[in-house]
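S.K.: Quick one: structure below, then a few questions.
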Amino acid sequence: MNSKSTDISKTNPMPSHVAIIMDGNGRWAKAQNMDRSAGHVKGVETVRLITEEASKLGVKYLTLYTFSTENWNRPTEEVDLLMHLIVTAIERETPDLIKNNVRLTMIGDKETIPSFSLERLEQCMADTSHCTGLTLCLAISYSSRWEITQAARRLAALAAAGQINPEEIADADIAASLETVGMPDPELIIRTGGDLRLSNFLLWQAAYSEIYVTDTYWPDFSAKDFEDAINQYMTRERRFGLTSEQLK
């Protein structure tokens, strides 16, 4: 769980890649005696706020768990609303993304996204492709098990074609076959809403990520909350299997 920011001397630099499991929209709405849709609408506002804060702090990559493959199993009305909100919000924010030098990209199973929505998202990505600041990566129709399965299929096809030797496949080959190729693994994963699980998100990439969980629902997650998570990450000792003595 998270804790208050402390005065402990920082041991880590600013993370280059922060990933967020944006959870709690529905519970936030329920606590306000509102429909779940109101939570999703408010959550979109938080996306803009945190993207601006990440860019301001100097984070290079911000990956947001926007819509999982499991989310397709939610009531049709909620799924339709979520897809509409995602696409409409991105289109609305694209001019500001360009203004702030933010490049938009996405990971996930594009074949399952309605063509009309996908075409609009791809246009926004094309419009920001020249930006060189923060990369905002939306995980849409994404699951880590799907991603790893796809990577295994790609490598198996190469092996069957005689282009690679199965016995020589290394970690780097798997990483290069994932959706996040070209991006560093996230140093920090933030989860809002209090649940203590990764929910099928970046399982390979999260092998040594620091995890920060807050009970705060996503619609209430503030710029200060984000900064507190960053500050706590920067005070942690990252050992990567070594001992504290070895690091010293």
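The values are calculated or read from the model by the stated rules, or taken from the named source; none is laboratory data. If you're wondering where the values come from, they're calculated on a predicted model, not measured in any experiment. Because the Cβ atoms are built from the backbone with ideal geometry, glycine has one as well, and the counts that use them run over all protein chains shown. Each accessible area value is taken on the protein alone, full model and side chains, heavy atoms only, with ligands, DNA and RNA left out. Shrake-Rupley method; radii C 1.70, N 1.55, O 1.52, S 1.80 Å.
S.K.: Are there DSSP H segments in the chain that both extend 20 Å or more along their axis (alpha-carbon positions) and score a mean Kyte-Doolittle hydropathy of at least -0.5? List them, or say none.
M.R.: Working: long enough: 36-57 (31 Å, -0.27); 76-99 (35 Å, 0.19); 144-160 (24 Å, 0.00).
Result, helices passing both filters: 36-57, 76-99, 144-160.
S.K.: Once neighbouring chains are kept in place and the probe is 1.4 Å, which whole percent of the accessible area of the stretch 92-216 is contributed by carbon and sulfur?
M.R.: The nonpolar share, carbon plus sulfur, comes to 51 percent.
S.K.: Could you order the peptides 165-178, 199-212, 19-32 from most to least packed, using the average number of other C-beta atoms within 10 Å per residue? Intermediate values should be presented prior to the final figure.
M.R.: On the way: 165-178: 12.1, 199-212: 17.6, 19-32: 21.1.
Those peptides, ordered most packed to least, come out 19-32, 199-212, 165-178.
S.K.: Turning to a different aspect of this structure: Skipping prolines and chain starts, which residues have an amide H placed within reach, meaning under 5 Å, of the one on ARG191, given they are 5 or more residues away or on another chain?
M.R.: Counting only residues 5 or more places away or on other chains, the set is ILE21, TYR212, VAL213, THR214.
S.K.: While we're on this one: Using a ≥ b ≥ c from the Cα gyration tensor of the stretch 73-127 (square roots of the eigenvalues), is it rounded, prolate or oblate, where a/c under 1.5 gives rounded and otherwise the larger of a/b and b/c decides, a/b for prolate?
M.R.: Numbers: a/c = 2.57, a/b = 1.76, b/c = 1.46.
It comes out prolate by the Cα gyration axes.
S.K.: How high is the FRET efficiency from GLU168 to ARG145, r the C-beta distance, R0 30 Å, rounded to 0.05?
M.R.: Values: r = 25 Å, r/R0 = 0.82.
With a Förster radius of 30 Å, E is 0.75.
S.K.: For n ≥ 4 DSSP H runs only, could you compute -39500 (n - 2.57) per run for the chain, divide by its residues and tell me the 222 nm figure to the nearest 500? Please report the intermediate quantities before stating the final value.
M.R.: Numbers: 8 runs with 105 residues, N = 248.
Calculated mean residue ellipticity at 222 nm is -13500 deg cm²/dmol.
S.K.: Under 20 Å Cα-Cα from LYS42, which lysines qualify once same-chain neighbours fewer than 8 residues away are excluded?
M.R.: LYS30, LYS224
S.K.: Could you work out Rg/(2.2 N^0.38 Å) for the stretch 1-97, with Rg from alpha carbons only?
M.R.: In units of the globular-protein estimate, the stretch 1-97 measures up at 1.27.
S.K.: Compute the relative contact order of the chain as a whole-number percentage, counting only Cα pairs closer than 8 Å that sit 6 or more residues apart in sequence. All intermediate terms of the calculation are to be shown ahead of the outcome.
M.R.: Values: 384 pairs, mean separation 79.6, N = 248.
Contact order relative to length: 32 percent.
S.K.: So, in nm, how far is label GLU52 from label ASN231 when the simple model puts each one 7 Å beyond its Cα toward the Cβ?
M.R.: In this crude label model, GLU52 to ASN231 measures out at 2.1 nm.
S.K.: Taking 0.36 nm per residue of sequence separation and subtracting the Cα-Cα distance, how much length would be gained by fully extending the chain between GLU70 and ASP195, in nm to one decimal? Display every interim value, and only then the final one.
M.R.: Values: separation 125, 0.36 × 125 = 45.00 nm, distance 1.65 nm.
In short, 43.3 nm is gained.
S.K.: Assigning unit charges at the beta carbon (Lys, Arg +1; Asp, Glu -1) and nothing else, what dipole magnitude in debye, to the nearest 20, does the stretch 31-146 show about its Cα centre? Display every interim value, and only then the final one.
M.R.: Working: 12 positive and 16 negative charges, 79 e Å.
Dipole about the Cα centre, nearest 20: 380 debye.
S.K.: Further question on the same structure: Which one, SER177, LEU203, GLY241, projects farthest toward the positive side of the charge dipole computed for the chain from Cβ point charges (K/R +1, D/E -1)?
M.R.: GLY241
S.K.: Give the long-range amide H neighbours of THR105: residues separated by 5 or more places, or on another chain, with amide H under 5 Å away, using H modelled in the peptide plane at 1.01 Å from N.
M.R.: Residues meeting the criterion, in which the H sits 1.01 Å from N, are LEU136, CYS137, LEU138.
S.K.: What spacing in nm lies between the two simple spin-label points modelled at LEU242 and ALA89, each 7 Å away from Cα in the Cβ direction?
M.R.: 4.0 nm
S.K.: Give me the dipole magnitude in Debye, nearest 20, for the chain about the Cα centre, with unit charges on the beta carbon: positive for Lys and Arg, negative for Asp and Glu. Present the calculation step by step, with values, prior to reporting the outcome.
M.R.: Values: 25 positive and 35 negative charges, 74 e Å.
Around 360 debye, computed over the chain.
S.K.: Of PRO15, VAL47, GLN32, which is farthest along the charge dipole of the stretch 6-55 in the positive direction, counting Lys and Arg as +1 and Asp and Glu as -1 at C-beta?
M.R.: GLN32
S.K.: In Å², and per residue, what accessible area does the chain have when probed at 1.4 Å with the other protein chains present? Before the final figure, lay out each step's value.
M.R.: Working: 12890 Å² over 248 residues.
Accessible surface, normalised per residue, equals 52 Å².
S.K.: Oh, and also: First check a/c for the stretch 173-248, with a ≥ b ≥ c the square roots of the eigenvalues of its C-alpha gyration tensor; if it is under 1.5, answer rounded, and if not, answer prolate when a/b is larger than b/c or oblate otherwise. Mind dumping the intermediate values first?
M.R.: Numbers: a/c = 2.07, a/b = 1.19, b/c = 1.75.
Oblate, since a/c reaches 1.5 and b/c is not below a/b.
S.K.: Moving on to the next point. How much length is gained if the chain between ASP220 and ALA156 is pulled fully straight, taking 0.36 nm per residue apart and subtracting their Cα-Cα distance, in nm to one decimal?
M.R.: Numbers: separation 64, 0.36 × 64 = 23.04 nm, distance 4.44 nm.
Working it through step by step, the gained length comes to 18.6 nm.
S.K.: Heavy atoms of the protein only, probe of 1.4 Å, neighbouring chains included. What is the accessible area of SER244 in Å², nearest 10?
M.R.: 30 Å²
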